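Novice: Have a look at this one.
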Amino acid sequence: MQRPVLRMGDPNLVTASVPVREFGTTELRRLAGDLWDTMDREGGCGLAAPQIGVNLRVICFGFKSKNPLCEGRSIPQTVLVNPVIEPIGEETEEDWEGCLSLPGLRGVVRRAKKIRYRGFDIEGNPIERTVAGMHARVVQHETDHLDGILYVMRVEDWTKFGFRKEIEKDEG
Ligand code: NI
């Protein structure tokens, strides 16, 4: 079921979410379905449970359809429960990010270039991947949501933040 996406200012978005304790439940399956349906409607690359008002440590990311925001790069469709991220190496990189909770805006954020992430699928099967680039960025962005952190809170250079339409106009 498609659900409304909460926008910045809603207290749910700045609240730390709690771990999932029970896997394979109807509630968890429904939540995963709602995340996909909502993300598909909005055309995002990822979505975190608190963005639809559920403060559980569940994120979804990846592409079901060709998404122009994701610049043709592919990420496996994943629902990740209780994610834990470990940066690999010291290397960071900057890139543009957007968020469905801040529609129309985007900004440059510095993130770890390479990470290992661990967690579970909704049935409780472990997931572990070592990833870099866009994939690593999306997982870091979505996991931040579970700690009540929005990407704007990580923007360092305010000349690289603004409305997508204005920035794209500027880029010609
Ligand atoms: Ni977001």
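The values are calculated or read from the model by the stated rules, or taken from the named source; none is laboratory data. Note that this is a predicted model, so its numbers are computed, not measured. Glycine gets a Cβ as well: all are built from the backbone with ideal geometry, and neighbour counts include every protein chain shown.
Novice: Take the stretch 100-122 and flag every residue that is within 15 Å of the chain's Cα centre (by Cα) and touching a residue at least 60 places away in the same chain (Cβ under 8 Å).
Specialist: L100, S101, L102, P103, R106
Novice: Which condition number in (1) more than 16 Å from the ligand (Cβ to nearest atom); (2) more than 24 Å from V20 (Cβ to Cβ) is the one that L105 fails?
Specialist: Only one criterion in (1) more than 16 Å from the ligand (Cβ to nearest atom); (2) more than 24 Å from V20 (Cβ to Cβ) is unmet by L105, namely (1).
Novice: Looking at the stretch 108-125, is at least one residue within 30 Å of G162 (Cα to Cα), modelled with pLDDT of 95 or more and in contact with a Cys (Cβ under 9 Å, 6 or more places away or on another chain)?
Specialist: no
Novice: Tally time: how many residues in the stretch 95-115 are touching an Asp or Glu at 6+ places or on another chain (Cβ under 9 Å), within 13 Å of V138 (Cα to Cα) and surrounded by fewer than 15 Cβ atoms within 10 Å (Cβ to Cβ)?
Specialist: 1
Novice: Also, quick follow-up: Quick check on L47: is it within 28 Å of P126 (Cβ to Cβ), surrounded by 12 or more Cβ atoms within 10 Å (Cβ to Cβ) and out of contact with any Gly (no Cβ under 8 Å at 6 or more places or on another chain)? Show your work before the answer.
Specialist: Numbers: within 28 Å of P126 (Cβ to Cβ): yes; surrounded by 12 or more Cβ atoms within 10 Å (Cβ to Cβ): yes; out of contact with any Gly (no Cβ under 8 Å at 6 or more places or on another chain): yes.
Yes; evaluated as a whole, the condition is true for this residue.
Novice: Tell me, please, whether a residue that is within 14 Å of the ligand (Cβ to nearest atom) and modelled with pLDDT of 95 or more can be found in the stretch 60-68.
Specialist: Step one: list which residues in the stretch 60-68 are within 14 Å of the ligand (Cβ to nearest atom), which gives 60-61.
The next check asks that each one be modelled with pLDDT of 95 or more; those that pass are 60-61.
Checked against the condition, which is being within 14 Å of the ligand (Cβ to nearest atom) and modelled with pLDDT of 95 or more, the stretch 60-68 yields at least one hit.
Conditions tested, residue by residue: (1) touching a strand residue (DSSP E or B) at 6+ places or on another chain (Cβ under 9 Å); (2) within 22 Å of N12 (Cα to Cα); (3) among the aromatic types (F, W, Y).
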residue	(1), (2), (3)
I75	yes, no, no
V79	yes, yes, no
G98	yes, yes, no
L102	no, yes, no
R116	yes, no, no
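Novice: I'd like to verify a number: residues in the stretch 18-56 that are among the small types (G, A, S), within 13 Å of the ligand (Cβ to nearest atom) and touching a residue at least 60 places away in the same chain (Cβ under 8 Å), how many?
Specialist: Residues that pass the stated criteria total 3.
Novice: Looking at the stretch 130-143, which of its residues are in contact with a helix residue (DSSP H, G or I) (Cβ under 8 Å, 6 or more places away or on another chain) and either of a type in the set (K, R) or without any contact (Cβ under 8 Å) to a residue 24 or more places away in the chain (or both)?
Specialist: Scanning the stretch 130-143 gives a single hit, V131.
Novice: From the residues in the stretch 142-162 that are part of a helix (DSSP H, G or I) and hydrophobic (A, V, I, L, M, F, W, C), which one is farthest from T15 (Cα to Cα)?
Specialist: Taking the stretch 142-162 and keeping what is part of a helix (DSSP H, G or I), we get 142-146, 151-154, 158-160.
Adding the requirement that they be hydrophobic (A, V, I, L, M, F, W, C) leaves 146, 152-153, 158.
Values: L146: 8, V152: 16, M153: 14, W158: 24 Å.
Among residues in the stretch 142-162 that are part of a helix (DSSP H, G or I) and hydrophobic (A, V, I, L, M, F, W, C), the one farthest from T15 (Cα to Cα) is W158.
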